[in-house]
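What follows is one structure encoded as C-alpha cells, with my remarks underneath.
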Ligand code: HOZ
C-alpha cells in the first residue's frame, strides 16, 4: 500500500497523542449523536489519530480549547478567518444586524452592497448570486455552465475538491483524499460519467480530453491555486493555456476561488495571475466566518439564471442579512491599502522557515506557498499535481502534527489541506511556530 493511503498510526505518533480530558469526553458524546462526532469529516482527526480538540473560543490568531489550552491557529476556520477570529468590526456588524431580525426571505440593501463590493473587487465578475456554501456555489456553477453552453461534460482535475455535489465527487481532494475515499458510494455512475478528469499543471491532458469529447464539454473547472491536495501553485503558463483552450473549444473556464478568493490577492487568483475565467465560484472569506458563498460571471452568462433566464437555483437563507453583514464588513476591511504584501511576506517567512528547519534535521520535505496559503509536504520530490502530492509520507505528517499540537500550534489534521495565515498573526507568532517546528523535526523518526 502506498504511503498516501495509509492512515495507520505508528507507535511514535501513538506515544505523542495527548488526551485532553474534556475534549475526549465531549468527543465520546458527540460520536453517539453525529457520524464520527463531526459535521465535516476531516475534523474528526481520523488521519492523525486521537480525538479532535473541542474549541471554546477564538480571538485574532488564537484558539482556546475546552481544556483551556491555547493554540496559534493555522486553520482559520479552513480559510474564512483572514482577519483573524472575532474581528471587532465584523462582530459589531453581525450584532447590529441581528437586532433588526435574522432572516426575511426578501431583498435587503445589504445584499446589493455586498454584490457591488464583489463586482468591484473580482475582475471577471459583472453580476453575482449569493448562496450558502462552497458546495452549493459549485453545484450551481456546473448547472449554469451546462445551461449556458447546452453541453453536459465537465473537466475537473484529479485532487481538486469542489464540494460534495455528486458530479464533482470524482477523484476529489480534501476529506475524500484524507480518508482515502476519492470516489464516494452513492454517486451514480450515470452522474459521474459526465465528469472528465485531467492532470493538474498538465494542459496537454486537457487538450486531449477536449479533442476526444469535441463540442461536448461545458466547462473546465479548476482551483487556480489548488488547496485541497495541499497548496499547489499553477506552473507558469498553465492557467493561460487553459484560457486559450477554453476559448478555442468554446467551453467555459471556471475558477473555483472558494479558497483563493480575497486570499492570494484581493481580487483572487484571477487578479494575481491575470487570467480571466468565464465563471467564478467564491466562498469562505466572502462570508467573514458566516455561511456565504457566491458565483459570478458576465451579464450574459449570469442572465441565464432564474428569474431572468431559465436555469433554476434558489435558497431560503441565500443572502441572509447576518451573513451579508459579516461578509461586507470583512471585504471592506480587506480593501484597506497595503494589507496583502505584509500578509504574503509573513507567510513566506513561515514557509521558508519551516523548510530551513526541516532540512537542518534532514527531514525530507517540499514546501509550497502562494499568498497566505502554504503547505509543507513530507516528501522530497517536487509536488505539482495529485500524484506527486500523494507521495507524501503520512506517518511523518502525523508525528509533526501531534508534536505541533502539543506545543500549542493548531494545524489542519491532514497532509492534504492548505495552511492559512491571517492578518492577525504577528512575527512573534511565526517565530514561536518555527521554534515549535524545530523541536518537532528534532524528535521525528525518519
Ligand atoms: N473540506 C474543507 C476543507 N477543504 C473542510 C471543511 C471543514 O471541515 O470545516
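The numbers here are math on the coordinates, done by the rules we state, and not lab data. Only a predicted model underlies this, so the values are computations on that prediction, with no experimental measurement involved. Cβ placement follows ideal geometry from the backbone for every residue including glycine, while neighbour counts extend to all protein chains displayed.
Where both bridge residues fall in the chain, DSSP classifies roughly 55% of the beta bridges as antiparallel.
Across the stretch 314-446, Cα-Cα pairs more than 22 Å apart make up 44 percent of the total.
Rounded to the nearest 500, the helix-only mean residue ellipticity at 222 nm of the chain stands at -11000 deg cm²/dmol, with each DSSP H run of n ≥ 4 adding -39,500 (n - 2.57).
Taking every DSSP beta bridge that has both ends in the stretch 88-334, the antiparallel portion is near 35%.
Taking the longest Cα principal axis of the chain as reference, the axis of helix 427-443 is set at about 60 degrees.
The ranking of 193, 272 from fewest to most other beta carbons within 10 Å of each one's beta carbon is 193, 272.
The angle separating the long axis of helix 321-334 from the principal Cα axis of greatest extent in the chain is about 70 degrees. Across the chain, Cα-Cα pairs more than 30 Å apart make up 42 percent of the total. For the stretch 168-211, the Kirkwood hydrodynamic radius from C-alpha pairs, put into Stokes-Einstein at 4 °C and a viscosity of 1.567 mPa s, yields a diffusion coefficient of 111 µm² per second.
FRET efficiency for the residue 95 to residue 120 pair, using the beta carbon distance and R₀ = 25 Å, is estimated at 0.45. Counting only alpha carbon atoms, the long axis of helix 394-406 and the longest principal axis of the chain meet at about 70°. Of the residues 83, 343, 317, the one with the fewest other Cβ atoms within 10 Å heads the list, and the complete ranking is 317, 343, 83. At an R0 of 51 angstrom, the distance between the Cβ atoms of residue 38 and residue 248 translates into a FRET efficiency of 0.70. Mind checking the log10 I(q)/I(0) for the stretch 88-334 at q = 0.13, 0.14, 0.18 Å⁻¹? Debye, one equal scatterer per Cα, no solvent, two decimals. Evaluating at q = 0.13, 0.14, 0.18 Å⁻¹ gives log10 I(q)/I(0) of -0.77, -0.89, -1.41. Once the Cα-Cα distance is subtracted from the 0.36 nm per residue extended length, the residue 19 to residue 109 segment shows a gain of 27.6 nm. Counting every other Cβ atom within 10 Å of each residue's Cβ, 433, 280, 379 order from fewest to most as 379, 433, 280.
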